[in-house]
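Here, each number is a calculation from the coordinates, and none is a lab measurement. Just so you know, these numbers come straight off a predicted model, no measurement behind them. Cβ atoms come from the backbone with ideal geometry, glycine included; neighbour counts cover every protein chain shown.
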Amino acid sequence: MSKSNSDFSVVGKRIPKLDAAQKAMGRAEYIQDIKLPGMLYGRILYSKYAHANIVKIDTSKAVALSGVHAVLTGEDVPEKMKMGFIKDNPPIKKGKVCSFRDEVAAVAAISPEIAKKALDLIEIEYEEQIGIFDPEKAMEKDSPLVHGHLKSNVLKMPWDIHYGDVEKAEKESAFVVEDRFTTQWVTHCCLGTSGAIALFDANDNLTIHTNTQIPSLAQKDFLESLKAMGLENKRVRVIKPIIGGGFGSKLDTYAYEHIAILLAHKCRKPVKIAFDRVEEFKATSTRQPTIIYIKQGCDKNGKLTFRDMRMVLDNGAHTSWGATTPSVMLMPISSLYRVENVKYVAKCVYTNNTYSQAMRGYGNPQATFAIESSMDMLAEKAGIDRIEIRRINRNQSGDETPQGLKITTCGLEECIDAVEKELKFDGKNEKGVGTGIASLIHVGGGARIYGSDGCGAILKMDDYGKVDVFTGGTDMGQGLDNIIAQIVAEELGLLAEDINVVHSDTDICPWDVGAHASRSTFVAGNAALGAAKKVKQKIQKFASKLFDVPAEKIEFKDKLVFVPGDQEKSMPLGKLLRKAHFSPGGTMLMAEYFYDPDNQNMGKELKGNMSMTYSFGAHGAKVKVDEETGKVEVLEYVAAHDVGRAINPLLLEGQVYGGVVMGLGYALTEEVTVKDGEIMNANFRDYKLFTAKDAVKIKAPIIETDDKDGPFGAKGIGEPGCVPTAPAIANAIYDAVGVRIKDLPITPEKVLVALKKKND
Amino acid sequence: MRLPRFEYIEPINFEGALDLLYIHKDNAKVLAGGTDLLVRMKKGLLKPKIIISLKALKELSYIKKDDSYIKIGARTSIADIIASDLIKKEACALFEACEKIGAVTIQHYRGTIGGNILQDNRCIHYNQSAFHRSGRQPCHKDGGKICYARDASDRCNSTCQSDGATALMALGANITLVRKGTERIIDLDNFYTTDGIMPFAMESNELLKEIVIPIQGGKSSYKRLAYRSAIDYPIVSAGVFLKSSDTSKNEIEDARIVVGAIARAPIFLAKASSFLKGKKFNDISAFKKAADISMDNASTFAVHNVGSTLEYRCAMVSEMVFQALKEAAIVTQE
Amino acid sequence: MEKILITLNINDKPCEVMVYPNDTLLEVLRDELDLTGSKESCGEGVCGSCTIHMDDKPVRSCLTLAMEATGTKIKTVEGLAKGDELSSLQQSFVDHGAVQCGFCTPGMLMSADALLKINSKPDEKTVRKAIAGNICRCTGYTKIVKAVAHAGNSQDHCPDCITFSKAKE
């Protein structure tokens, strides 16, 4: 019998975010707010062309400017200092630039103003080359090359997957639909822009304060940079200040971090590089844009027979995690609904555009947009109700999908039910109004994309029953601190406020692969729980002697350690800890735990159970389409998720609401517009984020399936909120006015053109 | 983002401001709320040596009825206009336009009506960071000879996106411009030039003092289209004014249709306006026709430069005009 | 250009500070007076992260010259709480989960606080309008809207108001 929320005293409670008060008082320190003594300000000069040779750089005037401490060009960057997982991207480019985002020089000066002035004094002579901006054209044989030393613009990536027999299944299908979808560049728009402060001690050990979601992997990247700089066997300490939003943007190290390191080393002073909004748009990464070809079919009963998808990914000029998003796209493609025969081919193509990175959903929103739009088209073709076709094909607990994903718990059906309860899907809406539904699957129990998917936790108890937890996990506003505090408090019979969570300082905290893949609650939560259990055993052992009862009889609640039913045998935890500490041969109670989930790396065949469990969800949207202007108004929105267990429903809702509105922007208004490789709307005026007036109230039913592997049954929920939003909206628009928009974002002009076409 | 350096002067009265403008002319810029000016300066689009702040000139903040005119001081905040019953009743289009400007937090205190109607023309190619612009030849508005919005254009094609301007022009408003020793009144039709570089017929030593709206007993309306519900410029807008004849309340005696955010200046559409004369207030098909004429006439001036597609914005001229006409007609009949 | 000595009235305290004419109020607050609660996110008056009060009205401090702020009553997010005691609006933000990354929070609070001064029981629509000039990327606004509407206006049906009122007892 699984536990219900009433069995818990801290887990499942709506406990406000532990750092909310300091943030609400304006006391939280972000990178923008940190000033170190003697700190210099670094600034980066970017390319003026999408593709050009650098003929000459003259930095003499900048060097001569009063207040300038250092000027760097590509010549000053060690040969081996490169970024990205295929190390194709030096932090400052030498000889050639391949995108407007390419760094060509950097300075450090005593003020941001002087640094800017110095950049203006750097003279560069370029020789412009033909740029290539369309990935499909870049794939053609005679296309100009982005990188001359490569034979083709197509990257060598393993995305060519076939499970079952798609050709055969297609022949046997009763109904088949086929179409092309595209998704745009969008970007994270963290309100707090990027920044880092690097400083070296006298022994060349580096401390870097930086906005990162991956302290441990960043440390590794920076160590490699130091090595490239000839600084062997040095230490790197990565400290993450409070960050103004992550959403995946801080999952790789960026040029500015490596440049800050180079400048700090050259100047022997702390160097801060902090982006302004324009730079944030131009020099941080986007979500991977895609061109998607999808074909799928079903039998006469509506059961899916096959899914065949092909994608072209614009890799941009350099390679970051965007090129690996197919590894996650594969998950919905192979496993959203039961489908046995699956084919998926993705090509990543170099262009002279900006390069993509991780962004909330990591490829899943793109793939799900095509899959769920196509599901509605298939339902229509087969004459089956669109909710029904989803029920027929729904994933179920105990399934193993063609990719090898093991679905331990699945609340997809309940999610669909919850959406149907809130919205009408009978097609009987007033004119111009329609409803749409779309489902999702996402990793909910870690995601093994790296050698380790683990996270460490160190737990230390003081003399008063308070606990410090040093976690590898990263809080970036999502509330991991709370989750860990609540998990540990639950286990030790304490209150969340008794737990102090320390994170994101590599000198103090254990290793973690990073705050990504909606994994922190699950993985960092399990690590903290493991450590709490270890400490609990130690306390039980000590109390067992004290109370003279078997250890397993001892329980923890309301800050007491006690034997149920025996009032004599009860002691406040703090007192017990003091007894343990101040007795002869005393001890203080600490524990460490490293949790590495038992999930699998996908091998060469791209098969394997990448996550311990999977989160499911269904979103429903009710929209109104103005047929005169093409404007889409979202009237109602329901986002139901199977979250295993809500450790903290207050914060969980926050993740869902925020995800949904980010998804609505993706569906309707957001797009980084690019002209010949140059971003044209690098500001909040022209890049259209939703305002409070555009957003709607969202209902977020929570389905709890009590996953056996999750901490207290929980699964991850960071990303799902923005995964099926776009198809839910697209499907609702089709329901409302009968036009299917296949290219995101669904702008009024696209709707109007489609309406005209339909009516002609 | 840092502002470029300048000298800041805060005249204590209107005369003082005029004196300063007389002396400094092109070297000076007048700062009211700063929501347009300071952004342009931050982007390096403007580098005035001197900023003349109107901060102390409280005498320029007023809304009053004077005979058959509404007079609005140039420094009146957008919020004050929205809150004015007089404006709501006699100049509804201006009320509706002001409600759409920026967001509530911009409307009061910083955002002024003078600043709104004197906001510079915009273009996606021009309103870019200094660095973005530094990588290419300057455009007409930036002091060069190229237009990035329209190939081979020998002139600047930036667009006037002022909500206030379109509404006020529909209301037949004029403005009072003052320079040391003299003042002149100019109607908005003539004030907005068709020059994207210098969109106003205003000398550098002149100061906008007042906006004057005639009370004509008609009804007005303003509609606009933007991607967002707040902090957004319109991509098309329409202001209309309808007046019934003395003899029959159901007959249109005078009409003014103005479309904005589509061209170098708000455009008064004479043909579409005069088409409505003599038509009935419940003649929806006449409104449709007038809207279509508006679209045809306005389209020739339209430039692809403030987001969206040109085709869409042109099509929406008709829709916005139609909606505005319908609304003004309904209000009239109530 | 030389620096000029001005006096600003910030959070009910006079502050003498040397400024350049081109210093924005935001820069002076953050860099000269160490009041870093107000944030710069867009720098051009769109996002509202830098919102402060001038004479009780919300104003974007990134588009306000420090020189222009003389003679006005300035309030920043640091002035909302009484010492360590949160204002009811701040407390409501905390209780309703309206704070996530927190970067928009100071500006959001200042816009909301100004609304509550003129309308202590705003409905949802009024709140959305009042904070439409403040961009948030984390919350989807839902909880912020609720926090503002319920600040000092506790709702029986709201689980987060109940937590709050209980804690107060």
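The table below lists the values:
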item: Cα point-scatterer Debye curve for segment B:1-59, base-10 log of I(q)/I(0) at q = 0.12 Å⁻¹; result: -0.26
item: Restraint check, A:Lys61/A:Lys227; A:Lys466/A:Lys579; A:Lys460/A:Lys533; A:Lys35/C:Lys39, Cα-Cα greater than 20 Å; result: A:Lys61/A:Lys227
item: Cα principal axis extents for segment A:282-360, largest first, Å; result: 50, 21, 15
item: Estimated dipole of the protein assembly as shown in Debye, rounded to 20 [Cβ of Lys and Arg +1, of Asp and Glu -1, Cα centre]; result: 500
item: Among A:666-673, B:39-46, the order from most to least packed when residues are scored by Cβ within 10 Å on average; result: A:666-673, B:39-46
item: Isotropically averaged projected area of segment A:559-679, using the convex hull of Cα atoms (one quarter of hull area), nm²; result: 18.4
item: Magnitude of the charge dipole, segment C:4-79, Cβ model with Lys/Arg +1 and Asp/Glu -1, debye to 20; result: 240
item: Long pairs among B:Lys89/B:Lys289; B:Lys100/C:Lys146; B:Lys100/B:Lys145, criterion Cα-Cα beyond 26 Å; result: B:Lys89/B:Lys289; B:Lys100/B:Lys145
item: Whichever aspartates and glutamates have a C-alpha closer than 12 Å to that of A:Lys756, once near sequence neighbours (fewer than 8 apart) are set aside; result: A:Glu627, A:Glu628
item: Other-chain or far-sequence residues with amide H under 5 Å of A:Leu18's (modelled H); result: A:Asn482
item: Environment charge at A:Ile554 (Cβ cut-off 12 Å; Lys +1, Arg +1, Asp -1, Glu -1); result: +3
item: Cβ charges +1 (Lys, Arg) and -1 (Asp, Glu), total dipole of segment A:413-542, debye; result: 380
item: Value in Å of the Kirkwood radius, where the protein assembly as shown supplies the Cα pairs that are averaged; result: 32.1
item: Ordering of A:694-705, B:149-160 by packing [mean C-beta count within 10 Å, highest first]; result: A:694-705, B:149-160
item: Distance between segment C:109-127 and segment A:334-373 - C-alpha centres, whole angstrom; result: 42
item: Residues whose placed amide H lies under 5 Å from that of B:Val236, excluding near-sequence neighbours; result: B:Leu225
item: Computed log₁₀ I(q)/I(0) - Debye formula, equal Cα scatterers, no solvent, chain B, q 0.08 Å⁻¹; result: -0.36
item: Total formal charge among the other residues, if their Cβ is under 11 angstrom from that of C:Thr64, Lys/Arg +1 and Asp/Glu -1; result: 0
item: Residue-wise HN-Hα coupling along segment A:141-150, computed from phi with Karplus coefficients 6.51, -1.76, 1.60 (Hz; x: Gly, Pro); result: 4, 8, 5, x, 9, 6, 10, x, 7, 9
item: Convex hull volume per residue in cubic angstrom - Cα atoms of segment C:88-168; result: 81
item: Highest-first arrangement of A:315-326, B:4-15, A:260-271, where packing means the average Cβ count within 10 Å; result: A:315-326, A:260-271, B:4-15
item: Cross-link pairs beyond the 30 Å C-alpha cut-off, checked among A:Lys697/C:Lys117; A:Lys424/A:Lys631; A:Lys607/A:Lys675; A:Lys250/C:Lys3; A:Lys693/A:Lys715; A:Lys421/C:Lys143; result: A:Lys607/A:Lys675; A:Lys250/C:Lys3; A:Lys693/A:Lys715
item: Per-residue HN-Hα couplings for segment A:51-65 [Karplus 6.51, -1.76, 1.60; θ = phi - 60°; Hz; x = Gly/Pro]; result: 7, 7, 8, 8, 7, 7, 10, 10, 9, 4, 5, 5, 4, 6, 5
item: Qualifying aspartates and glutamates (Cα of each under 17 Å from Cα of A:Lys545; at least 8 residues distant if same chain); result: A:Glu555, A:Asp566, A:Glu568
item: Under-5 Å amide H pairs with A:Tyr46, H placed in peptide plane, nonlocal only; result: A:Val104
